[in-house]
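Report on one structure; see the data block that follows.
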Amino acid sequence: MQYATLRNNVQIPMVGFGVWQVDNDTEAPAAVVEALKTGYRHIDTAAIYKNEEGVAKGIAVSGVKRSDLFLTSKIWNDDIREGNTKQAFEDSLKRLETDYLDLCLLHWPVEGFVEAWKDLIELYEEGKIKAIGVSNFKEHHLEELKEAGLMVPLINQVELHPQLPQPDLLDYCQDEGIQIEAWSPLMQGKFLDIPAFTEIAEKHGKTAAQVVLRWHLESGHVALPKSVTPHRIRENFEVFDFSLDADDMAKIDAVATHERIGPDPDEIDF
Ligand SMILES: NC(=O)c1ccc[n+]([C@@H]2O[C@H](COP(=O)([O-])OP(=O)(O)OC[C@H]3O[C@@H](n4cnc5c(N)ncnc54)[C@H](OP(=O)(O)O)[C@@H]3O)[C@@H](O)[C@H]2O)c1
């Protein structure tokens with residue numbers, strides 16, 4: 001496993017297990033058990049995924065100690081708008097059967113995010129969260145926090161993959177000491193047959209998904225691949241035994257179309 005070190009010296013495993021669209025009852029417990037058995041120690045959930053209980057079940061069954069896990073959840077938009085961040089955080093803790101989070105994020109930059117960020121900072125200062133951050137924030141949202149004189153987030157989790165490399169946002173975050181996490185790191189599995197990926201995969205005896213995840217690691221992104229398929233859960237973790245050369249990286253960089261799969265944070269209404 002590779003780790004990144006956040007500005008506050010917290011270590012974060014660079015491959016995390018994403019669980020968006022993983023059903024709480026029928027999928028989450030088994031998928032989490034499989035992931036933890038494989039070696040993942042970082043799980044990325046959110047209140048809105050409605051599977052925090054299922055994740056907790058999987059963790060309990062796995063026998064992995066809480067202190068060996070990096071657990072992330074997120075404050076949903078309604079709670080941000082309603083000034084309900086602290087209660088939403090406590091509700092997530094209860095569903096996750098834990099008394100702290102390793103990382104808590106504001107899910108989207110909806111109205112009220114500056115006040116919500118103040119609440120997260122207080123929870124962080126009380127020691128209830130090891131690291132705090134935001135998700136889907138553009139440069140101008142991050143600037144708003146700065147203008148309010150508030151702590152710079154430790155993390156920004158955004159849509160990021162070879163088709164949408166977001167160079168300006170990444171430069172901004174690097175300058176500010178904000179670690180980037182990539183959501184939909186595998187482009188939701190939709191574009192893995194692009195020849196650049198399959199050719200590089202063949203050269204290294206790896207799969208296209210492994211090549212894309214390796215591109216993330218070598219670019220310094222924390223990546224959060226999601227799968228409920230046991231062989232893919234394992235495949236997505238077998239990425240620490242090879243590396244890409246400059247030629248491979250350039251070929252993958254050339255795949256960029258700058259098109260999003262998910263919504264633009266400036267246009268959300270949910
Ligand atoms: N903060 C946010 O707003 C936000 C938004 C979206 C996502 N996220 C986080 O990021 C995580 C990942 O994003 P995502 O779920 O959108 O997309 P993703 O991880 O890029 O792709 C998941 C899809 O790819 C398939 N897949 C997984 N591994 C594969 C492999 N090795 N080969 C071929 N196909 C493969 C999965 O299928 P199977 O499951 O059927 O195997 C699933 O359909 C989420 O689970 C969530 O934790 C955050």
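In table form, for the structure just shown:
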item: Amide proton proximity set for Phe17, modelled H, under 5 Å, gap of 5+; result: His42, Ile43, Asp44
item: Spin-label model distance (nm) - Ala246 vs Lys94, 7 Å beyond Cα toward Cβ; result: 5.7
item: Anisotropy class of region 111-270 from Cα gyration tensor, a/c 1.5 cut; result: prolate
item: Exposure proxy ranking, count of Cβ atoms within 10 Å, fewest first, for Met187, Met249; result: Met249, Met187
item: Ascending count of other beta-carbon atoms within 10 Å, so fewest first, for Lys138, Lys65; result: Lys65, Lys138
item: Cα gyration tensor category, rounded, prolate or oblate, for the chain with a/c compared to 1.5; result: oblate
item: Residues with amide H under 5 Å from that of Ile75, placed H, sequence gap 5 or more; result: Leu105, Leu106, His107
item: Ranking of Ser219, Ser184, Ser243, Ser67 by count of other Cβ atoms within 10 Å, fewest first; result: Ser67, Ser243, Ser219, Ser184
item: Under the Karplus curve 6.51 cos²θ - 1.76 cosθ + 1.60, θ = phi - 60°, whole-Hz ³J(HN,Hα) for region 174-185, x wherever Gly or Pro sits; result: 4, 4, 8, x, 9, 6, 8, 10, 9, 9, 6, x
item: Considering only the chain, percent of DSSP beta bridges that pair antiparallel, nearest 5; result: 15
item: Reach of Lys203 by Cα under 16 Å, taken over lysines that are not fewer than 8 positions away in the same chain; result: Lys251
item: HN-Hα J in Hz across region 25-30 - Karplus 6.51, -1.76, 1.60, θ = phi - 60°, x for Gly and Pro; result: 8, 8, 10, 4, x, 5
item: Per-residue ³J(HN,Hα) for region 151-166, Karplus 6.51 cos²θ - 1.76 cosθ + 1.60, θ = phi - 60°, Hz, x for Gly and Pro; result: 3, 6, x, 7, 9, 10, 9, 9, 5, 7, 6, x, 6, 10, x, 6
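Coordinate-derived values only; no laboratory data. Note that the structure is a prediction, hence the values are computed from the model and not measured. Note: ideal-geometry Cβ built from the backbone for every residue, glycine included; neighbour counts use all protein chains shown.
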